[in-house]
Amino acid sequence: DYISTVSGRIHSSINQIGAETGRTSSDNPNIQNIPKDPAYRHCFKARKGYKMITTDVAGCELRIATSMSGEPVWIEAFGKKWDVHSLGAEFVRSAEWLAAAQPDCAFYVDGNRWKCRCAAHDKIRGPIKNLNFGVIYGLTVFGYMRDTGKKKVEAEKDLAQYKNWVPVLWRFLEQLSKDAKMKLESRTTLG
């Protein structure tokens, strides 16, 4: 049903602000959420004489939030090409993060703070990545609990630590929320 009669190829619709969160979405068909499993991805082929590329905007929402808020922790992290999710995990779950580091952990090599391949770090990093993206879209403790399976006490502790990690961003987001409620609107950086 999705194959174009003109090109003989699938052309998805990309909706610039199609999700409730304000992120892009895709439909007819939804190609934005194809599983990473090669069993699914192998069917995507470039036409003869063309190449197919895959891109990721590397956390553009976080970079926009950084630019708008002036959060110094993230300005430094992005400037030094550090992994903000791992950096957050180190701050929010510091004892657990340090104990989980393998001897060759890329996060600790020469102070680079890069994403590493430590299995235990990946489990700690995941919920923090959820926080990083979630808070800029209004994630609550209950949403965090739902998304991560954490108990309320642990979720509240993580969120409190998170607020301490990026206080400038947090205050900015709180003010943005208040302004939107007062004015009944929210505007992009271009007005």
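The values are calculated or read from the model by the stated rules, or taken from the named source; none is laboratory data. Note that the structure is a prediction, hence the values are computed from the model and not measured. Because the Cβ atoms are built from the backbone with ideal geometry, glycine has one as well, and the counts that use them run over all protein chains shown. When the accessible area is computed, the model is the full protein with side chains, heavy atoms only, and any ligands, DNA or RNA have been set aside. Shrake-Rupley method; radii C 1.70, N 1.55, O 1.52, S 1.80 Å.
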#### Entry: The one condition in (1) open to solvent by 40 Å² or more (accessible area, probe 1.4 Å); (2) in a helix (DSSP H, G or I); (3) not charged (D, E, K, R) that Leu87 fails to fulfil
(1)
### Query
Is it fair to say Leu62 is assigned to a helix (DSSP H, G or I) and under 22 Å from Gln32 (Cβ atoms)?
yes
### Message
Can you tell me which residue is most open to solvent (accessible area, probe 1.4 Å) among those in the stretch 111-133 that are closer than 22 Å to Ser69 by Cβ and touching a Phe, Trp or Tyr at 6+ places or on another chain (Cβ under 6 Å)?
### Response
Arg113
### Task
Check Ile75 against each of (1) modelled with pLDDT of 95 or more; (2) in contact with an Asp or Glu (Cβ under 7 Å, 6 or more places away or on another chain) and name the one condition it does not meet.
(2)
#### Entry: Filter pass, Lys48 being farther than 17 Å from Val168 by Cβ and in contact (Cβ under 8 Å) with a residue 24 or more places away in the chain
no
### Query
Do we have any residue at all in the stretch 161-172 that's more than 24 Å from Gly70 (Cα to Cα) and open to solvent by less than 30 Å² (accessible area, probe 1.4 Å)?
no
### Residues that are buried (at least 19 other Cβ atoms within 10 Å of the Cβ) and touching a residue at least 40 places away in the same chain (Cβ under 8 Å), drawn from the stretch 90-101
Val92, Arg93
### Query
Can you name the number of the only condition in (1) touching a residue at least 60 places away in the same chain (Cβ under 8 Å); (2) assigned to a helix (DSSP H, G or I); (3) under 15 Å from the mean Cα position of the chain (by Cα) that Tyr137 fails?
(2)
### Task
Report, by residue number, each residue of the stretch 26-56 that is surrounded by 10 or more Cβ atoms within 10 Å (Cβ to Cβ) and on the phi < 0 side of the Ramachandran plot.
Ser26, Asp27, Pro29, Asn30, Ile31, Gln32, Ile34, Tyr40, Arg41, Phe44, Arg47
